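The structure appears below as structure tokens.
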Amino acid sequence: MAAIKRILIANRGEIAVRIIRTCRTLGIETVLAVSEADRDTLGAKLATRAVCIGPARSTDSYLKVGTIVEAAIGTGCDAIHPGYGFLSENEKLAEACSENQIIFIGPQTAHLKAVGDKLTARRHAVDAKVPLVPGGNVSNPQEAIALAPDIGFPLLIKAVSGGGGRGMKRVDRVEDLATMFDMAVSEATAAFGDGRVYMERLITVGRHVEVQILSDGETVLHVGERDCSVQRRYQKVIEEAPAPGLPEKMRHEILDAALRFARHIGYKSLGTVEFLVDCERDAFYFLEMNARIQVEHPVTEAISGLDLVAAQIAIAEGKPLKLTQDDIRLQGHSFECRINAEDIEADFRPSPGRVGDVWFPSATGLRVDTHIQSGAMISPHYDSMIAKVITWGETRPIALQRMRDILAICVLDGVKTNIALHRAILDDDAFIEGGIDTNYLGQLLAKRPAALAIEKEA
Amino acid sequence: MSEKLTHSDIEEIMALIDGSSFDQLSLEMGDLKLSLRRTAPQSQAAAPAMEPVVTAPAASTNVPPAQPALPATEPATNANLIDVPSPMLGTFYKAGKPGAEPFVTIGSKVNPDTVIGIIEVMKLMNSVPAGISGTVAELVAPDGELVEHGQVLIRVQQD
């Protein structure tokens with residue numbers, strides 16, 4: 001297969017900059033597709049070229065398959081990197097790429113289909129003997145009420161086409177089921193253009209553990225697991241690798257289950273298999289597979305030394321992996337804090353605007369992935385992420401202390417950020433001990449005045 | 001300060017901007033809006049700071065270079081000319097099919113509904129209306145090449 005010479009990046013923000021970084025290292029030219037709102041961003045400056053694909057609204061720009069492909073053809077690109085979010089797992093984009101002899105840097109359409117539809121993904125999990133949370137497909141309130149006793153309360157109603165926590169509804173009582181079902185369908189229709197939903201048991205005390213998969217279609221490898229249990233409303237806030245305090249037996253079972261799933265569907269690309277670890281039952285369940293680069297991939301890069309974007313590009317070029325499982329040596333511990341422009345005092349409302357001074361110092365064991373420089377604009381049109389601060393250390397306490405140090409001294413003026421929240425978490429005993437569940441952050445916020453007092457002192 | 005701008009006021013303002021490093025001036029006084037723009041080629045150098053919006057079209061359709069974004073295509077040579085920007089990214093065609101007469105040429109009268117070209121996006125043809133009334137003064141975007149969203153297609157002398 002031909003080596004890729006020029007990549008159209010169909011994304012924005014920090015991940016666009018991240019992809020450009022690796023492309024520059026590899027000597028690959030980049031064309032960044034930008035909306036009107038993103039013309040002056042760091043990515044637009046760093047890319048070999050930027051092309052404006054439409055207005056700020058992502059439905060009129062970043063989500064337009066035809067425009068993205070046309071932009072790639074018109075600028076002579078031989079591949080498209082979709083990043084995460086937007087069109088990253090869109091079958092139509094993958095299909096349009098293959099119809100136009102453009103390499104889609106991601107899995108083949110068949111794999112997107114296999115994992116993109118959660119019902120299909122669940123079927124594959126059953127076939128691959130990967131454990132699943134009890135649940136099932138429901139198409140109307142009556143079916144939902146009929147299935148509910150088998151699942152048990154509390155349960156979750158989820159959008160078949162959903163992701164990233166969007167389109168989920170928690171139901172605690174059978175009386176609420178019909179109303180919540182209708183709301184879930186409406187939300188799913190509005191958000192994803194697909195009103196199909198399914199229900200599953202809500203594990204009240206669970207950890208989110210996911211496995212990084214790297215596969216050339218023949219060799220299927222894992223690059224360890226990540227723990228993403230620090231979440232607020234299903235949005236990840238802090239991730240770390242490896243998962244702290246996970247019993248070794250379960251860790252191996254989880255890694256094996258992820259490999260089984262990827263092998264079963266013949267997966268070929270970079271991907272992540274997500275699991276929910278049921279702390280009360282000492283069990284784990286398959287959640288979904290994400291067929292893209294993940295926001296939190298840097299913690300895996302930190303402990304493995306791999307460049308996952310470079311690996312993803314090489315696989316897309318058709319190159320066989322030059323690694324075996326034994327070549328992947330995971331060392332030390334890594335954290336990632338997602339720094340968002342949001343007002344933690346006002347229910348985490350996004351706080352877009354122009355940033356003032358920005359300074360993330362260099363330090364041993366530190367990486368900052370960001371598109372924000374002093375004076376940059378945080379657009380109200382997109383997510384509020386400013387930066388991902390990633391630290392590494394020989395041990396978990398060392399990596400943790402490095403994160404505390406950086407967040408204490410970095411400069412980020414002009415907009416409200418969630419740094420105080422991160423600092424409160426990093427100083428909290430339960431987090432320091434490790435192995436917290438997904439309820440953790442909600443509980444910490446409930447005692448917030450005390451938890452955030454640290455900021456007032458600082 | 002007087003309520004109305006006189007002819008000599010405007011001359012004075014124009015002299016001021018002429019001697020300054022600015023390329024554009026917008027003035028609003030009550031109902032009055034005055035917009036002045038310095039003409040080419042002087043403004044070319046300053047264009048990136050003021051108009052970072054439009055990038056140069058690709059050099060050829062097949063394998064154009066991935067050149068860095070460039071400042072606006074030639075700025076309008078007359079302050080009264082109105083840019084007609086591309087409503088979308090795609091391949092721009094001046095005529096309905098190869099070899100056919102172009103939709104508009106210099107001197108063509110247009111009204112807001114007049115089709116001035118076609119933009120192809122993934123084999124779908126989208127007609128582009130002028131959006132304003134006037135006379136076509138400049139044909140800017142080349143035929144058969146990629147235009148970006150917002151890139152100037154033609155310029156029209158408004159009625």
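Residues of the stretch A:47-66 with accessible area at least 40 Å² lower in the all-protein-chain context than alone (1.4 Å probe)?
Buried on complex formation: A:Thr48, A:Arg49, A:Cys52.
Extension gain A:Trp359-A:Ala146, at 0.36 nm per residue separation less the Cα-Cα distance, in nm?
71.1 nm
Whole number in Å², please: accessible area per residue of chain A, 1.4 Å probe, ligands, DNA and RNA not counted.
Heavy-atom accessible area per residue stands at 39 Å².
What translational diffusion coefficient, to the nearest whole µm²/s, does the stretch B:81-158 have by Stokes-Einstein, given a Kirkwood radius computed over alpha-carbon pairs, a temperature of 4 °C and 1.567 mPa s viscosity?
Approximately 107 µm²/s, per Stokes-Einstein.
Apply 1/(1 + (r/R0)^6) to the Cβ-Cβ distance of A:Thr59 and A:Arg281, taking R0 = 35 Å, and write down the FRET efficiency to the nearest 0.05.
With a Förster radius of 35 Å, E is 0.25.
Using Cα pairs closer than 8 Å and at least 6 residues apart in sequence, work out the relative contact order for the stretch A:134-201, in percent.
Across the stretch A:134-201, relative contact order equals 45 percent.
Just report the Cα centroid separation between the stretch A:239-292 and the stretch A:1-32, whole Å.
29 Å
Using Cα pairs under 8 angstrom and six or more residues apart, how large is the relative contact order of the stretch A:174-233, in percent?
21 percent
For the stretch A:157-201 and the stretch B:127-159, write down the distance between their C-alpha centroids in whole Å.
So the two Cα centres are separated by 46 Å.
What does the charge count near A:Lys268 come to, summing +1 for each Lys or Arg and -1 for each Asp or Glu among other residues with Cβ under 9 Å from its Cβ?
Cβ neighbours under 9 Å give a net charge of -2.
Can you give me the P(r) profile for the stretch A:42-124? Cα pairs, bins 10 angstrom wide beginning at 0, each as a whole percent.
Once binned at 10 Å, the Cα pair distances of the stretch A:42-124 give 17, 47, 28, 8, 1.
Principal axis extents for chain A, Cα atoms only, whole Å, descending order, please.
Projected onto its principal axes, the Cα set of chain A covers 56, 56, 46 Å.
Above 30 Å lies some portion of the pair distances; for the stretch A:206-457, what is it as a whole percent of all C-alpha pairs?
So the portion of pairs separated by more than 30 Å is 28 percent.
Given a 1.4 Å probe, show me the residues in the stretch B:119-159 buried by at least 50 Å² of accessible surface when comparing the whole protein assembly to the chain alone.
B:Met122, B:Leu146, B:Glu148, B:His149
Over the stretch B:81-158, with the other protein chains present, what is the accessible area per residue in square angstrom, probe 1.4 angstrom?
I get 44 Å² per residue for the stretch B:81-158.
Per the 1.4 Å probe, what fraction of the accessible area of the stretch A:303-381, in percent, lies on carbon and sulfur atoms?
So the carbon and sulfur contribution to the accessible surface is 48 percent.
In the stretch A:72-90, what residues drop by 10 Å² or more in accessible surface going from the chain by itself to the full protein assembly, probe 1.4 Å?
A:Ile73, A:Gly74, A:Thr75, A:Gly76
How high is the relative contact order of chain A, in percent, with contacts defined as C-alpha pairs under 8 Å that are six or more residues apart?
After rounding, I find 14 percent.
Give me the number: length gained by fully extending A:Leu26 to A:Lys319, i.e. 0.36 nm times residue separation minus the C-alpha to C-alpha distance, one decimal in nm.
104.0 nm
Which residues' amide hydrogens lie under 5 Å from the amide hydrogen of A:Asp343, considering only partners 5 or more residues apart or on another chain, with H built in the peptide plane?
Close amide H contacts, sequence-distant or interchain: A:Phe348, A:Arg349, A:Ser351.
Restrict the search to the stretch A:193-263; then list the GluC sites (Glu not before Pro) that DSSP places in a loop and that have at most 11 other Cβ atoms within 10 Å of their Cβ.
Passing sites in the stretch A:193-263 are A:Glu218.
Measure off, as a whole percent, the carbon and sulfur share of the 1.4 Å-probe accessible area of the stretch A:6-105, all protein chains present.
The C+S portion of the solvent-accessible surface of the stretch A:6-105 is 48 percent.
Counting only protein heavy atoms and rolling a 1.4 Å probe, how much accessible area do A and B lose on contact, total for both sides, in Å² to 100?
Its buried surface, counting both partners, is about 1800 Å².
Would you calculate the separation in nanometres between label points at A:Gln443 and A:Lys92, each defined as 7 Å from the Cα along the Cα-to-beta-carbon direction?
Simple spin-label model gives 4.4 nm for this pair.
Give the lysines reachable from A:Lys45 as a straight Cα distance under 24 Å; neighbours fewer than 8 places away on the same chain don't count.
Counting by Cα, and skipping residues close in sequence, A:Lys45 has these lysines nearby: A:Lys5, A:Lys64, A:Lys388.
Under a crude label model (7 Å from the Cα following the beta-carbon direction), how far is A:Asn100 from A:Thr120 in nanometres?
For A:Asn100 paired with A:Thr120, the spin-label model returns 2.2 nm.
I'd like the projected area of the stretch A:276-341, averaged over all directions, using the convex hull of its alpha carbons. Report it in nm² with one decimal.
That works out to 7.2 nm².
How far apart, in nm, are the 7 Å Cα→Cβ label points at A:Phe153 and A:Ala190?
2.5 nm
Run the helix sum for chain A: -39,500 (n - 2.57) per DSSP H stretch of 4+ residues, divided by residue count, reported at 222 nm to the nearest 500 deg cm²/dmol.
-10500 deg cm²/dmol
So, with a 1.4 angstrom probe, what is the percent of accessible area on the stretch A:134-201 that is carbon and sulfur?
Of the solvent-accessible surface of the stretch A:134-201, carbon and sulfur hold 52 percent.
Give me the net charge of A:Arg402's neighbourhood, meaning all other residues with Cβ under 15 Å from the Cβ of A:Arg402; Lys, Arg count +1, Asp, Glu -1.
0
Per 10 Å bin from zero, what fraction in whole % of the C-alpha pairs of the stretch A:134-201 is there, up to the bin with the longest pair?
25, 60, 15
The values are calculated or read from the model by the stated rules, or taken from the named source; none is laboratory data. Predicted model, so just to flag it, every value in this text is computed and none were measured. Note that each Cβ is placed from the backbone with ideal geometry, even for glycine, and that neighbours are counted across all protein chains shown. Each accessible area value is taken on the protein alone, full model and side chains, heavy atoms only, with ligands, DNA and RNA left out. Shrake-Rupley method; radii C 1.70, N 1.55, O 1.52, S 1.80 Å.
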